[in-house]
Amino acid sequence: MEKGVNNAISKRVQGIPASGIRKYFDLLASMEGAISLGVGEPDFTTPWHISEAGIYAIEKGYTMYTSNYGLIELRKALAEHLQNRYCVAYNPNNEILITTGSSEALDLAMRAIINPGEEVIIPDPGYVAYMPCTVLAGGVVVPVPTFAENDFKVKAEEIEKRITPRTKAILLGFPNNPTGAVIDRKELELIADVVRRHNLMVISDEIYDRLVYGVEHTCFASLPGMQERTILINGFSKAYAMTGWRIGYALARAEIIEAMMKVHQYVMMCTPIMSQMAAIEAIKNGEEAVQQMVAEYDQRRRVIVKGLNEIGLRCFEPKGAFYAFPSIKSTGLSSGEFADKLLTEEKVVVIPGSAFGKCGEGYVRCCYAVSLPEIEEALERLKRFVIRCEQGRV
Ligand SMILES: Cc1ncc(COP(=O)(O)O)c(C=O)c1O
């Protein structure tokens, strides 16, 4: 190899880990008869009337670029939807940006507001992309631990303890991936108070806002004084089963959306028009389908949480998203060992909690966006595995 070739990769990229989830997808692909509680996406296909809107878009010749901000019709529909749902008012002309998945919105938000060395406080465990997005934008991650004893809710006082003169923002991801935790309005108000007093920004990833069970989701931007300090991120992947369409959005005050759009126009130009047309149909006429899917997830949630606790894998009741996050500490294995051995011995995929941060160690993420028979079979296999662990045969 020529001299210097080894230095090809930037230090920044070298500094981020590959996602701790992907490895299991690759293993799964080469294994027959495996059940995956690993992948974090709906098992439903996109409701047909939404897919049809995408198909019609192509049939009618909508195959070109759109405005960098996204189709105005979609932005207007989103503004109306959010006004009705959360009583927040966003101007569709300059306070909404349509992105290629909420993943892109997250990256743009970081790049738009973070200066090198500025700190972002992020609850741990949290979604795998939060840390890399911060680091790639030149920021520094300051984790704030959350614990099962407290249903993995982040506490305002724990956030405040970690604020320094370099703190720029807090990243909230609730309902949470991987824990399924939600935060109630009272705690969010305490967090808002910290945000106000320390003059911070909030990036609020609310992609699971529609997937809540028996509780109400509070939109962070709807709290008094928070809209101007919040970059609200959401998307169509989870609520409408549209992961493959790659469409999400960000809402913030005009100056911030303008900054995010500046990056977006150079790296993405716009989100595919057919996905945007499908999203218009989703937001206008998708409510019934969302509610049907939520009812299904709720049923599965009850079965998996009960089953895990009966096996002896203690699991608090998650009130949001589609994840259960049981403790595997009783088995004496690390979360990585547990996931690896469970896959090899029982062909069930779960994701080690350590993939989501230090506080995830001792837990595994089980996605229950799979059919009930599969959940029941996975629980049987888990039971056999846990018994073998207890007998020291693993
Ligand atoms: C918390 C969270 N945020 C963002 C995303 C990204 O979703 P998408 O880019 O499909 O909108 C995911 C996907 O798993 C997620 O779990």
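With unit charges on the beta carbon (Lys/Arg positive, Asp/Glu negative), name the residue among 93, 108, 51 whose Cα is farthest towards the positive pole of the charge dipole of region 31-108. Of the options given, the answer is 93. With the highest mean first, a sort of the peptides 370-377, 70-77 on other beta-carbon atoms found within 10 angstrom per residue produces 70-77, 370-377. Here the sum of -39500 (n - 2.57) over DSSP H runs of 4 or more residues, divided by the residues of the chain, equals -13000 deg cm²/dmol at 222 nm, to the nearest 500.
About its Cα centre, region 192-323 has a charge dipole of approximately 300 debye under the convention of +1 per Lys or Arg Cβ and -1 per Asp or Glu Cβ, with nothing else charged.
To the nearest ten degrees, helix 185-197 and the longest principal axis of the Cα atoms of the chain are 50 degrees apart. Packing around the peptides 299-308, 198-207, taken as the average count of other Cβ atoms within 10 Å per residue, puts them in this order, highest first: 198-207, 299-308. Rounded to the nearest 10 degrees, the angle from helix 72-86 to the longest Cα principal axis of the chain is 60 degrees. The local environment of residue 144, defined by Cβ-Cβ distances under 9 Å, has a net charge of +1 under the rule Lys, Arg +1 and Asp, Glu -1. When the chain is described by a simple charge dipole with +1 on each Lys and Arg Cβ and -1 on each Asp and Glu Cβ, the residue from 386, 368, 282 located farthest towards its positive end is 386. Given their separation in residues at 0.36 nm each and the Cα-Cα distance between them, residue 287 and residue 147 gain 47.0 nm when the chain is fully extended. Think of each Lys and Arg Cβ as +1 and each Asp and Glu Cβ as -1; about the Cα centre, that makes the dipole of region 130-282 roughly 400 debye. Between 0 and 90 degrees, the angle of helix 48-59 with respect to the longest Cα principal axis of the chain falls at about 50 degrees. The simple spin-label model puts a point 7 Å past each Cα toward its Cβ; for residue 254 and residue 376 those points are separated by 5.8 nm. Can you compute log10 of I(q)/I(0) for the chain with the Debye formula, treating each Cα as one identical point scatterer, at q = 0.13 Å⁻¹? Log10 of I(q)/I(0), two decimals: -1.12.
Charge dipole of the chain (Cα centre as origin; +1 on each Lys and Arg Cβ, -1 on each Asp and Glu Cβ, all else neutral): 840 debye, rounded to the nearest 20. The distance between label points at residue 266 and residue 306 comes to 5.5 nm (points 7 Å beyond Cα on the Cα→Cβ vector). Considering only beta bridges that DSSP places wholly inside the chain, some 40 percent are antiparallel. Once you sort the root eigenvalues of the Cα gyration tensor of region 87-210 as a ≥ b ≥ c, which label holds: rounded (a/c under 1.5), prolate (a/b larger than b/c) or oblate (the other case)? Here region 87-210 falls in the rounded category.
Every number in this text was worked out from the coordinates using simple rules, so none of it is lab data. On a predicted model such as this, the values are computed, not experimentally measured, just so you know. A quick note on method: Cβ atoms are made from the backbone with ideal geometry, for glycine too, and the neighbour counts reach across all protein chains shown.
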